[in-house]
Amino acid sequence: MAKRIQLVLNQDVYKLGKSGDLVEVAPGYARNYLLPQGFAIPVTPGVLKQVERRREAERQRLLELKKEAEVQKATLEKMGALTLAKQVGEGDAIFGTVTDREVAELIQEKTSLEIDRRGINVPDVRKTGEYTVSIKLHPDVSATVKINVVPDEAA
């Protein structure tokens, strides 16, 4: 059995690893595919140091994103309930529903925070009243916001 070769990937390789990963592969795979295509480079002490620096920089970046999400969560939970005016029919039933886009615009209007609407989970809103909306700001950080749906006086 031939010994395996250690390489550092320059870019993502399907079913092998992501860019910057240290991988062990068969010598033929390295010699015939990864190295000629420029997908990987051989491991040297200098390359290992570079990989460690990149990993540390990425870890710091992710930590900063999480801190930013924590600040956004505190701001969202301090602001209290948001009021959304919708056109109402019989029995306090609203026309249409409350969308994540409306909630994102309302939050931006009130706090000037830019929230990604894809992270907003709005319950099924069919009548006026108070509802709880969950917002995923980061994989580890979620916030909840109260929304009061009231009749639109202009309609």
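The values are calculated or read from the model by the stated rules, or taken from the named source; none is laboratory data. Quick caveat, the model's predicted, so the values are computed rather than measured. Heads up, the Cβs are rebuilt from the backbone with ideal geometry, glycines too, and the neighbour counts pull from every protein chain shown.
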Original post:
Within segment 1-18, restricting attention to residues that are free of Cβ contacts under 8 Å to residues at least 24 places away in the same chain and out of contact with any Lys or Arg (no Cβ under 9 Å at 6 or more places or on another chain), which residue is farthest from Leu48 (Cα to Cα)?
Top reply: Met1
**OP:** Among what's in segment 113-125 and is touching a residue at least 24 places away in the same chain (Cβ under 8 Å) and surrounded by 14 or more Cβ atoms within 10 Å (Cβ to Cβ), pick the residue that is nearest to the chain's Cα centre (by Cα).
**Re:** Ile115
Subject >> Count - residues of segment 11-54 that are in a strand (DSSP E or B) and among the β-branched types (Val, Ile, Thr) >> reply: 4
Original post:
How many residues does segment 128-137 contain that are closer than 12 Å to Leu84 by Cα and either in a loop (DSSP other than H, G, I, E, B) or not small (Gly, Ala, Ser) (or both)?
Top reply: 3
**OP:** Kindly provide the set of residues from segment 1-21 that are hydrophobic (A, V, I, L, M, F, W, C) and either farther than 28 Å from Glu58 by Cα or loosely packed, with under 15 Cβ neighbours inside 10 Å (or both), ordered by number.
**Re:** Met1, Ala2
Subject >> Given (1) modelled with pLDDT of 90 or more; (2) under 30 Å from Ile5 (Cα atoms); (3) in a helix (DSSP H, G or I); (4) not basic (Lys, Arg), index of the condition Glu64 fails >> reply: (2)
Original post:
If you check every pair at least six apart or on different chains, which have Cβ atoms under 8 Å apart with a residue in segment 83-112 that is within 13 Å of Asn148 (Cα to Cα) first and a residue that is of a type in the set (Phe, Trp, Tyr) and surrounded by 13 or more Cβ atoms within 10 Å (Cβ to Cβ) second?
Top reply: Val98/Tyr131
